[in-house]
Amino acid sequence: MLKSTNKTSLCPIENREGMYDTLFRGELPYEPLPDDAQVGISGLSRITNRGGVRTEILNNHLSKLPTLIDHMLVEHDLSAKLGDEAVFAFANNEARQTVSEIVCDIFTQWEVTHNRNNLHPLINESNSNAKWLVIETAAAIMSSGTKDNNFNLSRANDKQQIAKLISSWGPKFIKQWFNGTIINQWLDNQHLTDIEKQQWQEIFSPSLRKRFAVNNISDPLKALDKVKQHLAVTLSDANIASRLSWSEAEVQEIFSPSLRKHFAVNNISDPLKAMEDWKKR
């Protein structure tokens, strides 16, 4: 999708670390920041309620984002292909359009976040860093939208999911979520046997990791804690038997440990209700 440029840069490359921190600081859930530390825009986004009615002024601003963002990416791509200072170059216009669309989805969420927190818009004439925030976000998309991370940016659903993950976390989170680092850190804190750890790792296939993170976007590790609680308490033989009006012997025969894990992982809010609906079907 992209071609990296190795040309030394005074502005875009030397300032990338600062731009990255502005966007994603505090993105790894097992490395918490001090209480008084500032998080990146993504961290603020995941704790901000972005629902509800949007003002006319906000909607007007959001309507301008696609054109503004694509113009920045076109300009940056041209600079790269002319041999000027640049972070990356796109392989073709189709690749740029795909990334531009995702960047716009991400900045839409971030602009709503800023609006809800009474902060100035990110992309405006007074923010001289806006272009480089857009460029760094595009770089984050291109580094995350890979087969290793189980994303195909030619698929509409994958584009929506990667936008959601980057807008709330960031590319380091995505990489470590899919390569198992984050889940293994969690498993190491659960005092499980090696066999139990292996069972958890087998359950969390790449496709399930994607769905689990997207569906529990504000705190996937807390969601994992809830799954463990369901398996230890909620989905006991007695609780399942009581909910389904079955005997505990019937429950033990039908609901294997792997099937219980399936219900616990995929129905975090109420796995017993999911079992009840399954029984009715």
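Quick notes
- Computed [θ] at 222 nm, helices only, for the chain once each DSSP H run of length n ≥ 4 contributes -39500 (n - 2.57): -19000 deg cm²/dmol
- Among (i) 22.0, 74; (ii) 19.0, 55; (iii) 22.2, 67, the entry derived from the coordinates for Rg and Dmax of the Cα atoms in Å: (i)
- Between Ser236 and Asn179, the FRET efficiency estimated from the beta carbon spacing at R0 = 41 angstrom works out to 0.75.
- Accessible area per residue (1.4 Å probe, heavy atoms of protein chains only) ranks Glu276, Glu253, Glu136 as Glu253, Glu276, Glu136, with the largest value leading.
- Distance between modelled label sites at Asn93 and Ser258, nm, 7 Å Cα→Cβ extension: 5.0 nm
- Across region 114-240, the mean sequence separation of Cα contacts (distance under 8 Å, 6 or more residues apart), normalised by length, yields a relative contact order of 19 percent.
- Accessible surface of region 201-243, 1.4 Å probe, proportion on carbon and sulfur as whole %: 49 percent
- Computed label-point distance, nm, for sites Asn117 and Ile195 using a 7 Å Cα→Cβ extension: 4.7 nm
- Surface composition of region 30-93: carbon plus sulfur atoms hold 53% of the accessible area, using a 1.4 angstrom probe and ignoring ligands, DNA and RNA.
- Solvent-accessible surface ranking, highest first, for Lys279, Lys197 at 1.4 angstrom: Lys279, Lys197
- Too-long pairs where the Cα-Cα distance tops 26 Å, listed order kept, from Lys175/Lys261; Lys210/Lys280; Lys210/Lys273; Lys175/Lys222; Lys81/Lys172; Lys172/Lys222: Lys210/Lys280; Lys81/Lys172
- Inter-label distance, nm, simple model (7 Å from Cα along the C-beta direction), Val74/Asn216: 4.3 nm
- Under 13 Å from the Cα of Lys131 - aspartates and glutamates, other chains or at least 8 residues apart: Asp70, Glu75, Asp77
- Per residue value of the accessible surface for the chain (all protein chains in place, 1.4 Å probe), Å²: 53 Å²
- Stretch gain in nm, segment Ala274-Asp36, where the contour uses 0.36 nm per residue and the Cα spacing is subtracted: 81.6 nm
The values are calculated or read from the model by the stated rules, or taken from the named source; none is laboratory data. Worth saying up front: this structure is predicted, and the values here are computed from it rather than measured. Using ideal geometry, Cβ is built from the backbone for each residue, glycine included, and neighbour counts are taken over all protein chains shown. Just the protein is used for accessible areas: all its heavy atoms, side chains included, with ligands, DNA and RNA removed. Shrake-Rupley method; radii C 1.70, N 1.55, O 1.52, S 1.80 Å.
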